[in-house]
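Right, one structure below, let's go through it.
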Amino acid sequence: MGRGRGPCAGGRWGLASGVTPVLSTPKPKAAGTLTLPLPKQLTRFVAVVDPARCAACGVCLPVCAAGAITLADVATINPDRCTGCNQCVAQCPQDALRLQPA
Ligand code: SF4
Ligand code: SF4
């Protein structure tokens, strides 16, 4: 290869003289409506109580920063307040709480 000549300057794969290379990119597709399923990690979860397991011990009340739990005969979760943080589920000694999709 001679000095000052790139691999495409003439030779076997060079452009014929008088040909101008044109680079193009694909045109964007026409705008439309695309509906995608909600990714799982964006699904909202809330805590629910299994009343058969709940011993009304009150352990879950102070751990709920959202104030979503009230206690009577068993714990009750207000789904409008619950943020699905899982703290009560982790602390319940009776395994009476779990998260489920709202
Ligand atoms: S911690 Fe568990 S057993 Fe105790 S009140 Fe809450 S849900 Fe019921
Ligand atoms: S999951 Fe979090 S916000 Fe919901 S009730 Fe339990 S501690 Fe409260």
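The values are calculated or read from the model by the stated rules, or taken from the named source; none is laboratory data. Please read all numbers here as calculations on a predicted model, not as lab measurements. As a convention, Cβ positions derive from the backbone with ideal geometry for all residues, glycine included, and neighbour counts pool all protein chains shown.
Residues that are within 9 Å of ligand 2 (Cβ to nearest atom) and of a type in the set (Ser, Thr, Tyr) within the range 76-94 comprise just one, THR83. With the structure loaded, tell me whether PRO37 is outside any strand (DSSP E or B) and modelled with pLDDT of 90 or more or whether it fails that test. No, not satisfied. Considered as a group, the residues in the range 52-68 that are touching a helix residue (DSSP H, G or I) at 6+ places or on another chain (Cβ under 8 Å) and within 7 Å of ligand 1 (Cβ to nearest atom) include one that is nearest to ASN86 (Cα to Cα), and that residue is CYS60. Taken over the range 72-102, the criterion of being over 15 Å from ALA55 (Cα atoms) and among the small types (Gly, Ala, Ser) is satisfied by GLY84, ALA90, ALA102.
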